[in-house]
Amino acid sequence: GGTGATTLAVNLAWELANIDKKNPPSVCLLDLDLQFGTTSTYLDLPRREVIFEVLSDAQTMDAEAFKQALLSFNQKLSVFTAPAEILPLDIIGPEEVDALLTLARDTFDVVIVDMPTSIVQWSETVMNAADIYFATLELDMRSAQNTMRFIKALQAESLPIDKMHYVLNRAPRGLDLSGKGRIKRLAESLDIVLQTQLPDGTKQVAQACDHGVPLADMAKKNPLRKEIQKLAKTLHEAIAVQARAN
């Protein structure tokens, strides 16, 4: 129903978890949309009451307790679902989120966070902790205006705008020349680079979600799935380079 952020988060996490058959990275998907997070729906996982306890006690929790709160999807992807009930976004603060991210990073090779649409007190915590922050948008005036406001907010608070990786979802196909022109004008008006352009996944995206499986498992040849797979490969290569450097 939005710009495809959760679709990207879930499918990117799954692609990374399957990127290397011999030595796959351990991947954790954190759903921090405490009100309307849907990663559990995308992967047909139950929402657990224990999530609220983890959020409240993150600062005193150890890695083992954190892992017990996670759910496994097909024994390859660990998921921290959104709570069972709608919670106020300020029920947790920067300290709790920082502790949760630390637990996840200490336990897994890759951590992907699905954020709420709203900017909250702890958005800065996630942005500062992230190696890369994906901002999804579409080719319409609503997305352009919201992206501009988002960029201005980052600049006003001196947040790490250099970590932003802009993703144009439902991008026009390659042969659509008028669409290419609109993309160029959008990028110029926002003074950004649209590093990733994702095609429309059509009805198969909704169908995969309704069946609770990633696109790779239901529509392997879907053009959106192929682009997310390419993005996963790029990230995996970057992770490998960083690991060698360390």
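The values are calculated or read from the model by the stated rules, or taken from the named source; none is laboratory data. Fair warning: this is a prediction, and the values are worked out from it, not measured in the lab. Glycine also receives a Cβ, built like all others from the backbone with ideal geometry; neighbour counts cover every protein chain displayed. The protein model used for the area step is the full one, side chains on, heavy atoms only, and it has no ligands, DNA or RNA in it. Shrake-Rupley method; radii C 1.70, N 1.55, O 1.52, S 1.80 Å.
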Every listed condition ((1) over 17 Å from the mean Cα position of the chain (by Cα); (2) closer than 30 Å to Ala63 by Cβ; (3) surrounded by fewer than 19 Cβ atoms within 10 Å (Cβ to Cβ)) holds for Asp162 save (2)
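Residues are listed down the side, and each one gets a yes or a no for (1) within 15 Å of Ala58 (Cβ to Cβ); (2) open to solvent by 20 Å² or more (accessible area, probe 1.4 Å):
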{"position": "Gly93", "(1), (2)": "yes, no"}
{"position": "Asp109", "(1), (2)": "no, yes"}
{"position": "Asp114", "(1), (2)": "no, no"}
{"position": "Trp122", "(1), (2)": "yes, no"}
{"position": "Val126", "(1), (2)": "yes, no"}
{"position": "Asp131", "(1), (2)": "no, yes"}
{"position": "Thr136", "(1), (2)": "no, yes"}
{"position": "Arg142", "(1), (2)": "no, yes"}
For the stretch 189-226, which residues satisfy the criterion of being closer than 21 Å to Lys163 by Cβ and open to solvent by less than 60 Å² (accessible area, probe 1.4 Å)?
Leu190, Ile192, Leu194, Thr196, Leu198
Check Leu8, Leu43 and return the single one that is at pLDDT 95 or above and farther than 27 Å from Gln242 by Cα.
Leu43
Could you give me the residue pairs with C-beta distances under 8 Å whose first residue belongs to the stretch 36-62 and is crowded, with 17+ Cβ neighbours inside 10 Å, whose second residue is among the basic types (Lys, Arg) and outside any helix (DSSP H, G or I) wherever it lies, and which are 6+ apart or on separate chains?
Ser40/Arg47
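Please note which helices (runs of 4 or more DSSP H) are completely contained in the stretch 146-222 and include at least 2 residues that are of a type in the set (Ser, Thr, Tyr). Break it down into steps so the answer makes sense when it comes.
Numbers: elements: 177-190, 203-211, 215-218.
Because the criterion is at least 2 residues that are of a type in the set (Ser, Thr, Tyr), the helices (runs of 4 or more DSSP H) in the stretch 146-222 that meet it are 177-190.
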Pairing a residue in the stretch 65-93 that is over 17 Å from Arg105 (Cβ atoms) with any residue that is acidic (Asp, Glu), where Cβ atoms lie under 6 Å and the two sit 6 or more apart in sequence or on different chains, gives Thr81/Asp31; Ala82/Asp31; Ala82/Asp33; Ala84/Glu49
